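The values are calculated or read from the model by the stated rules, or taken from the named source; none is laboratory data. A quick note: this is a predicted structure, and the numbers were derived from the prediction, not measured. Methodologically, a virtual Cβ is constructed for each residue, glycine included, from the backbone with ideal geometry; neighbour enumeration extends over all protein chains shown. Accessible surface is based on the protein model in full, side chains and every heavy atom, while ligands, DNA and RNA are left aside. Shrake-Rupley method; radii C 1.70, N 1.55, O 1.52, S 1.80 Å.
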Amino acid sequence: MSEGQNNNEYAGLQFDGYECQFPLVRGTENETGIDISKLRKETGAVTLDYGYVNTAACRSSVTYLNGEQGILRYRGYPVEELAENSRFVEVAYLLVHGKLPTESEQEHFSTLLNEYSMIHEDMRHFFYNYPEHAHPMGILSAMVVSLSSFYPEMSQGNSQLGMSEEEVDVATTRLLAKIRTIAAFSYKKSIGEPFVYPRHDLKYCENFLNMMFSSPVYDYQIDPEVVKALNILLILHADHEQNCSASAVRLVGSAGVNLYAAISAGISALWGPLHGGANQSVIQMLEQMQREGGDLQKYIDKAKDKSDPFRLYGFGHRVYKNYDPRAKIIKSTCHDVLEKLGKDDPLLQIALDLEERALNDEYFIRRGLYPNVDFYSGIIYRAIGIPENMFTVMFALGRLPGWIAQWKESREDPQFRIQRPRQIYVGPNLRHYVPMSERE
Ligand code: ACO
């Protein structure tokens, strides 16, 4: 991990009549932080930063993101190069192990992903007891935390503390292998079809597609164009530094829980419509626009109206105030995929028109609101046959290596300690208990 340079630079703070100095921390891309770890000790005060807009929670060497310039790199490699040249499993290795794999490392990793791809037969029964319309994200989160009961190599009292590197490697690889089986099983359950087991002769994405779409009466033909599109989508979702779900993984992980519990927390956070759940909300929004005759201006006006809770899903981002580089690639992949599969999705034209209107609207321009990763991804998922309620599960599949990398980095950090923010208390001052008979 990069330590972050200090170089004896300080920022001064005048407070309550005296001045304190706080060290500056500079990252490898010259990002600057003010290390206020001693703030409370020195001044008695804390910082208040709603939504952590100005707060770095850690030093990290996993992902570099510059929202103003639209840059995204995993372990230093531009996401554009990885999407163009790599496969998801290679990027997963890169994120989790910090380096691109050699041929033999990649082969070994792929073999392990196949070896670990089955889930315990007893876990299969859990799926049967979910109600028909259970959301696959709820099932995924529950199944992932359940893995800790079936694969207790993480349990030193079911905690991550004291695990060897080898045990961590087994657990993380096992999780990467099993999540796609769990994801596909939850889809099969939702449509009432029998589960299709993973196959050792298929690669990661092929295997997933086969488990999703094969059935005893139908032999699914794996289309290389679909595999390519899926690899690109998973790569583009693989990490995004300290976003809401990665922070959930780190925060829950900081209590010492096992890997599966921490990742399950990340899955739950991702489900929200302001985060990864936006990919499902975008398609629902576009479908509604289509049903209502395509009056896009009505929705732009609703999004601008502060008394209306409606937001343009797939637009805006905490960090990007420029075009999200992932959305750029997904948009062009969307055109490619529809053309190669010979599909015509009217929602694509609605999305393109909506984007054009928004990008020319003063409200969106002033706030730097651009399409994010979720705006066009759903149109590709539809084209390759993934149902709407599985969109966020697909995001989770892609994001898993990033969560694992963030979790590993946090537990290996010499500064590792439980995360526990402060607050500014604004409730009542001391008052004393009044018996019920005397209350007004
Ligand atoms: N539609 C309309 N207005 C928006 C939108 C939007 N999609 N996004 C932001 N704004 C407005 C806000 O109302 C606010 O306006 P104001 O300054 O007049 O109050 C301003 O832009 C800044 O927005 P914030 O909500 O303060 O930005 P924040 O960083 O807190 O939120 C978020 C980012 C949650 C992504 C937000 O842009 C949003 O809700 N977008 C829609 C949901 C979405 O697509 N989420 C997926 C994000 S990508 C991901 O997580 C994988």
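Annotation: Cα Rg of the range 302-440 relative to the compact-globule expectation 2.2 N^0.38 Å equals 1.61.
Sort 46-52, 334-340 for me by packing, meaning the mean count of neighbouring Cβ atoms within 10 Å per residue, highest on top. Show your work: numbers first, answer last.
Working: 46-52: 10.3, 334-340: 17.0.
My ranking of the peptides, most packed first, is 334-340, 46-52.
Amide H contacts of Phe416: none lie under 5 Å away among residues 5 or more positions distant or on a separate chain (H built 1.01 Å from N in the peptide plane; Pro and chain starts excluded).
A protection proxy built from the mean count of other Cβ atoms within 10 Å ranks the segments 396-406, 171-181, 422-432, most packed first, as 396-406, 171-181, 422-432.
Carbon-plus-sulfur accessible fraction, the range 5-56 (probe radius 1.4 Å, protein heavy atoms only): 47%.
The accessible-area ordering, largest first, of the residues Cys20, Cys58 stands as Cys58, Cys20, per a 1.4 angstrom probe. Once C-alpha pairs closer than 8 Å and six or more residues apart are averaged by separation and normalised to the residue number of the chain, the relative contact order reads 18 percent.
The simple spin-label model puts a point 7 Å past each Cα toward its Cβ; for His120 and His133 those points are separated by 3.3 nm. For Ser104 and Asp344, what is the calculated FRET efficiency with R₀ set at 41 Å and r taken between the beta-carbons, to the nearest 0.05? E(calc), rounded to 0.05, equals 0.40. Here Arg124 sits with roughly 50 square angstrom of accessible surface, probe radius 1.4 Å.
Quick check on packing: order 267-276, 296-305 by the mean number of other C-beta atoms within 10 Å, highest mean leading.
Values: 267-276: 20.6, 296-305: 15.6.
In decreasing order of mean packing, 267-276, 296-305 become 267-276, 296-305.
In this rough spin-label picture, where each label sits 7 Å from Cα along the Cβ direction, the Arg40-Ser61 distance is 3.0 nm. Classified by the C-alpha gyration tensor, the range 278-384 has an oblate form. Its axis ratio a/c, with a ≥ b ≥ c, is 1.5 or above, and a/b does not exceed b/c. Here the range 278-384 is assigned +1 on the Cβ of each Lys and Arg and -1 on the Cβ of each Asp and Glu. Its dipole about the Cα centre then comes out at about 460 debye.
Just the protein heavy atoms count here, and of the accessible area of the range 336-437 at 1.4 Å, carbon and sulfur take up 49 percent.
Given a cut-off of 28 Å, what percent of all Cα-Cα pairs of the chain lie beyond it? Counting pairs separated by more than 28 Å, the tail of P(r) holds 54 percent.
State the percentage of accessible surface on the range 85-186 attributable to carbon and sulfur atoms; use a 1.4 Å probe and exclude ligands, DNA and RNA. Working shown, then result.
Working: 2280 of 4370 Å².
It is 52 percent, rounded to a whole number.
Can you bin the range 105-221 into rounded, prolate or oblate? Criterion: square roots of the alpha carbon gyration tensor eigenvalues sorted a ≥ b ≥ c, rounded for a/c under 1.5, prolate for a/b above b/c, oblate for the rest. Oblate shape, in that a/c is at least 1.5 and b/c is the bigger or equal ratio. Relative to its residue count, the range 71-271 spans a Cα convex hull of 130 Å³ per residue. What the range 235-292 shows is 29 Å² of accessible area per residue, with the surface traced by a 1.4 Å probe over protein heavy atoms. In angstrom, the C-alpha Rg and Dmax of the range 373-440 are 24.3, 67.
Rounded, prolate or oblate for the range 5-56? Axes are the square roots of the Cα gyration tensor eigenvalues, ordered a ≥ b ≥ c, and the cut-off for rounded is a/c under 1.5. Note, shape of the range 5-56 comes out oblate. For the range 185-325, the Cα gyration tensor yields ellipsoid semi-axes of 32, 25, 15 Å (square root of five times each eigenvalue, largest first, whole Å).
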